[in-house]
Amino acid sequence: MRTIREIARLHVSKGLSLRAIAAACKLSVSTVQGYVKKIEALSLDYDGLTSLSDNELQERLRPAPKNAPARPEPDIASLVAAIKQSKGKVTRQLLHEEYLAQYPDGYKKTRFYELLQAWEAQDKA
């Protein structure tokens, strides 16, 4: 946090360039640039920034967590049963294509195959 506060001081109060700040703090220019963008996004002056505790500053600088969209679960039991009953006429690839046609945001091929394989392994045990 000390380094971030120093970057803020040099950028906001002194108006130094990114290269000068990087040299003073012994960091890369891209690292300084990333911190400067985060500091500017806070829209605080230097006094407002220094009044924040380390925990508050860290929470404000941390990016918001990205929630992965929920993917529709395929009915693995019926898919495995369809493969077994077809005697080689229905393939995993065909099932995956049908699944994607129904759910365009569904699992990609590798994950879909992993789900099928895990179910088959569980079924054999």
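The values are calculated or read from the model by the stated rules, or taken from the named source; none is laboratory data. Note that this is a predicted model, so its numbers are computed, not measured. In this analysis, Cβ positions are derived from the backbone assuming ideal geometry, glycine residues included, and neighbour counts consider all displayed protein chains. The area values use the complete protein model at the heavy-atom level, side chains included, leaving out ligands, DNA and RNA. Shrake-Rupley method; radii C 1.70, N 1.55, O 1.52, S 1.80 Å.
If Ser86 satisfies every condition in (1) free of Cβ contacts under 8 Å to residues at least 40 places away in the same chain; (2) under 21 Å from Gln122 (Cα atoms); (3) open to solvent by 40 Å² or more (accessible area, probe 1.4 Å) but one, which is the exception?
(3) is the only condition that Ser86 fails.
For the structure I just gave you, tell me whether Glu73 is open to solvent by 90 Å² or more (accessible area, probe 1.4 Å), at pLDDT 85 or above and over 30 Å from Arg2 (Cα atoms).
Spelling it out, Glu73 is indeed open to solvent by 90 Å² or more (accessible area, probe 1.4 Å), at pLDDT 85 or above and over 30 Å from Arg2 (Cα atoms).
Could you go through region 99-106 and let me know if any residue there is of a type in the set (Asp, Glu), at pLDDT 85 or above and either within 22 Å of the chain's Cα centre (by Cα) or loosely packed, with under 12 Cβ neighbours inside 10 Å (or both).
Taking every residue of region 99-106 in turn, at least one turns out to be of a type in the set (Asp, Glu), at pLDDT 85 or above and either within 22 Å of the chain's Cα centre (by Cα) or loosely packed, with under 12 Cβ neighbours inside 10 Å (or both).
Quick one: which helices (runs of 4 or more DSSP H) sit completely within region 2-60 and have at least 3 residues that are surrounded by fewer than 18 Cβ atoms within 10 Å (Cβ to Cβ) and either charged (D, E, K, R) or in contact (Cβ under 8 Å) with a residue 24 or more places away in the chain (or both)?
2-8, 29-42, 46-50
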